[in-house]
Amino acid sequence: MIDAHIHFWDPERLHYAWLEPPLDRRFLPPDVDVEGFVFVQADCRDEEAWAEVEWVTALAEHHPVLGIVAYAPVHARADLEPLAAHPLVVGVRKLLQGEPDTLVGSEALVAGVAALAEYDLTFDACVTHGQLPLVTRLAGRCPDVTIVLDHLGKPDVAHHRLDPWRADLEALAAHPNVVCKLSGLTTEADHDRWTSRDVAPYLEHAVACFGPQRCLFGSDWPVATLATSYERWVEVVLGYVPEPVLSANAVRVYGLRRGAATGEPDAGRDRPDQGDDRPRGAAPG
């Protein structure tokens, strides 16, 4: 399995204003049975974003980190060249959840995300369910960029609310440049009492909308430890999409190099000069 959405952090090294107990401690790569991880930025201070990339790159010398989704202020003319030049950086994320509609729907964000195409970088969209229409608009304005929806758009699982999330997700999935991570649902559910039946309608709808070939597995570890174990979430997701499909999708979407040893200089992104002419990040038709 390739886990396409995982976090690590060390509050003694970097600063994370959002951390609260029991998550306010160091989390390093877990000892789990996976082929590799895609690390997703953990929202440290903006000015520490490059230090986060360097720290995770050092971790990759001893752990199977296949790619990094780094922070970039795409809404504010981000300098993308250093990120694009880094062999492990495969995409960027600027958290949109909690941001006002004036930012999520802004021309500045459209321009910043559209600029990722030049650098062959993906954009991870982490939003709440009410923001999905704005992501749909963004996807339509940036057809040359693969947009990776985190956590199915964070539907209201705790209250078993499906609408208007279902229609909004279907509208977003109509854009072929969007893929979906099967992740993060248990922290939107009742942490202590959720069952597989609670998350089933959301996973079923996501797979129906995107199809198995546009779905990725994400553990959202260690945030997900608030509600589930790593192994339990793997078991739930594999009931909907087979592991080989999920892992192959992660490789295609993020341009990962399977089998590359950690620490090798050419590990990370699948460069055109490495014998593969597929455009990284391209979603299937």
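The numbers here are math on the coordinates, done by the rules we state, and not lab data. Being a predicted model, the structure only gives us computed values, none of them experimental. So basically every Cβ, Gly included, is an ideal-geometry build from the backbone, and we count neighbours across all protein chains shown.
Structure notes:
- Length gained when the stretch Leu162-Ser229 is fully extended (0.36 nm per residue, less Cα-Cα span): 21.6 nm
- Per-residue packing, averaged as other Cβ atoms within 10 Å, sorts the ranges 194-200, 19-25, 31-37 into the order 31-37, 194-200, 19-25, beginning with the highest.
- Considering only Gln97, Pro22, His129, the residue lying farthest towards the positive end of the dipole of the chain is His129, judged by Cα position with unit charges set on Cβ.
- Pairs of Cα atoms nearer than 8 Å and 6+ residues apart set the relative contact order; for the range 2-274 it is 19 percent.
- Based on alpha carbons, the Rg and Dmax found for the range 137-196 are 13.1, 41 Å.
- Once the chain from Ser106 to Asp33 is taken as fully extended at 0.36 nm per residue, the excess over their C-alpha distance is 22.1 nm.
- Of all beta bridges that DSSP places with both ends in the chain, some 10 percent have antiparallel geometry.
- A value for volume of the Cα convex hull per residue in Å³ was derived from the coordinates, and within the list (i) 119; (ii) 240; (iii) 211 it appears as (i).
- Close amide H contacts of Asp156 (hydrogens built in the peptide plane, cut-off under 5 Å, sequence separation of 5 or more or a different chain): Arg161.
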